[in-house]
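Okay, so here's the structure we're looking at.
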Amino acid sequence: MSLTSFSQSISSSPYSLYGLGSLYDSDFGTIPSIGSSGIALPSNVFINNLNPASLAYLPLNHFMFDIGGKAIATTYESGSRSEKRNNFQFSHIAFAFPVTKNSGFSVDLKPYSSATFKISNLKLPITDSQEYYYLTAAGSGGLNNFDFSYGYRFGKKLAVGATATVLFGNTSDDRAYLISNSITTISKKTDYSGVRATIGSQYQIDSTFTIASTFKAPTRVKASKVQTVETIANEVVTTVESDVASDTDDYYMPLEIGVGISKRFKNNINMTIDYEKSLWQSTNQSELYGNFVNQDRYAFGLTYSLKKNARKYWDRVQYSAGANFDTGYLEVDGKRINNAAISFGLSLPIENTFSALNISYSYGQKGRISDNLIKENYHKISINLSLDGIWFVKRKFE
């Protein structure tokens, strides 16, 4: 498939045409600023959404709340033109609290994917023919995650956790196919629902070094659609189907395996390194215009703070930087749709608790200009507000 043109109203990646759309990176706390790494970080000062085992380190009597959003400025480039678009996205809302001194629980709601796109006059070949047809398509919607997570710590070194994810949402897809002098329009709305399980672990080798792993189980997301099909030829409109409900191909999520390390140096520098593998090929599903391939993701991050428990405000600010590279899970015209990004950020403390305003900036590139594919250059600002409240503590002074 060659994405040779795109309209003036793109609000998301044109690659969200595939599957359930482009996947979100809805990360909490300081994670966006450290390259979206942190599988081995504990949830001791913010909610870590990358590993449910981290909840075992929630401090007693602390109730944590996290909400975030992002602003993205993207330039789309093809071999013949470019276009700039801006959009704003809700990232997540989450809260967590300790159940016992060795365990914690969290609930969060976040988007999983976005299928918002608009493409005009895309020229595509007809199979086993020298002829072409033209596709115009527009879509909206996506899938959401509703997560329930629990983590438990055995002693001081080993923590394990599990997440039950409820997946739900719908997509609307309107397409028009122009072949010779005939136009076929297909309008469909598809509803999706499913559940997924994740397990994770963290092991502290010593007070400065932690290793961790996560496993996301493969699952099937059930789908059902309502569809209307019409043809237009010689100015005569013929309705083939009108709001016909039927089953459609279910969507399959792969087994995903992640490993990570966290290492602290001199008490004020912390390094995180993650690697994740997603086995998309084993789902045995394909797209009309591309193929699902196994995905590798690498992430690296550093945080630095001047002093611990300092009195001066700017001495308590945490500075962060990171980078990540993702091979992508789509292959279009034999080309991988990969993604690479760098990030920088600040964690600005609020009062004398773990509350903080986390601000990060990322610059990245997705796709490529090759065989008329589209390359995305994006600037992203993420803002996460992490609030910490101390509950169930008796007053010492009235």
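The values are calculated or read from the model by the stated rules, or taken from the named source; none is laboratory data. What you see is a predicted model; the values in this text were computed from it and never measured. Glycine also receives a Cβ, built like all others from the backbone with ideal geometry; neighbour counts cover every protein chain displayed. For the accessible areas, the whole protein counts, side chains as well, though only heavy atoms, and no ligand, DNA or RNA atoms are used. Shrake-Rupley method; radii C 1.70, N 1.55, O 1.52, S 1.80 Å.
Does A40 satisfy being outside any loop (DSSP other than H, G, I, E, B) and either surrounded by fewer than 24 Cβ atoms within 10 Å (Cβ to Cβ) or modelled with pLDDT of 80 or more (or both)?
When the stated conditions are applied, A40 does not pass them.
Name every residue in the range 274-295 that is assigned to a strand (DSSP E or B), open to solvent by 50 Å² or more (accessible area, probe 1.4 Å) and at pLDDT below 95, in order of residue number.
S286, E287, N291
With the requirement that a residue be small (G, A, S) and either farther than 24 Å from N102 by Cβ or open to solvent by 50 Å² or more (accessible area, probe 1.4 Å) (or both), what does the range 189-209 give you? Residues satisfying the conditions are S193, G194, A197, S207. Annotation note: of S180, S120, S149, S114, the sole residue that is at pLDDT below 85 and within 23 Å of F28 (Cβ to Cβ) is S114. T75 falls short of the stated requirement of being out of contact with any strand residue (DSSP E or B) (no Cβ under 8 Å at 6 or more places or on another chain) and either surrounded by fewer than 16 Cβ atoms within 10 Å (Cβ to Cβ) or free of Cβ contacts under 8 Å to residues at least 12 places away in the same chain (or both). Note on the range 351-398: residues that are closer than 13 Å to V45 by Cβ and either among the acidic types (D, E) or modelled with pLDDT of 90 or more (or both) amount to 7.
Screening T303 with (1) within 25 Å of D206 (Cβ to Cβ); (2) surrounded by fewer than 16 Cβ atoms within 10 Å (Cβ to Cβ); (3) of a type in the set (V, I, T); (4) touching a Ser or Thr at 6+ places or on another chain (Cβ under 6 Å) gives one miss only, at (2). In the range 309-328, the residues that are without any contact (Cβ under 8 Å) to a residue 24 or more places away in the chain form Cβ pairs under 9 Å with partners that are of a type in the set (D, E, K, R), at six or more places apart or across chains, as follows: N309/R316; A310/R316; D315/K307. The set of residues in the range 306-325 being at pLDDT 95 or above and surrounded by 18 or more Cβ atoms within 10 Å (Cβ to Cβ) consists of S320, G322, A323, N324. Going through (1) over 24 Å from S305 (Cβ atoms); (2) among the charged types (D, E, K, R); (3) at pLDDT 90 or above one by one, R81 falls short only on (3).
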